[in-house]
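Data first, discussion second: the structure below is written as structure tokens.
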Amino acid sequence: ADGGAFSGAGYHIAWISVALSALVMIVSLSVADGFRSEIRAKATGFMGAAVMVPPGQGPINDSSPFDRNLSYLHCLDSIPGVASVCPVACRPGMIKSDEGIAGLCFKGVDSLYDFSFYGSSLVEGSLPVFSGRISQDILISSRLASRMGFGVGDKVRVVVKSLRTSFMRPSSDQ
């Protein structure tokens, strides 16, 4: 009779353990799915849902803006689900402060760029205002600003890869 009581208690402990394990897995999957959704939303906000680049160029490291006068651009705007088509240019570069140096990708945009994602994510400062001129304003993450010791309105030293392409020449002794 005692063995039956012990196995009844063991049965209940095993059942509770399995139930708790299942609950922990469900919570873990929900949290992971939430993180995945958040990361996807941020990546889409920064780069867009689709990126078009000319043949031979990468979408992040070394792209030049496409011509706004391309004949097919009006077709892209009319596709259901396409909110906007914005030309951008991305260039690798470095940002320097007394705290150190950081490598990053500079994203150049024009005055028609949709800044709604950045406006909703802005912690400090304001969005660039173009008003018919080339803006010298930059947006950087609060994490990078803190790490580099920058505040709103600070002068920032940057080095950006030239728009010109460099070609290697064979040495004269070949």
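Before moving on, here are some points about what is shown:
- Computed over neighbours whose Cβ is under 11 Å from that of residue 125, the net charge equals -3, Lys and Arg +1, Asp and Glu -1.
- For residue 29 and residue 141, a Förster radius of 30 Å and the Cβ-Cβ distance give a FRET efficiency of 0.55, rounded to the nearest 0.05.
- A cut-off under 15 angstrom between Cβ atoms defines the neighbours of residue 83, and their net charge, with Lys, Arg +1 and Asp, Glu -1, is -2.
- Extension gain, residue 126 back to residue 101 (0.36 nm per residue minus Cα-Cα distance, nm): 6.6 nm
- A straight chain from residue 15 to residue 134 at 0.36 nm per residue would run longer than the Cα-Cα distance by 36.1 nm.
Each value in this text was obtained by applying a stated rule to the coordinates, not by laboratory testing. Note that the structure is predicted; figures quoted are calculated from it, not measured. Don't worry about glycine lacking a Cβ; one is built from the backbone with ideal geometry, like all the others, and counts go over all protein chains shown.
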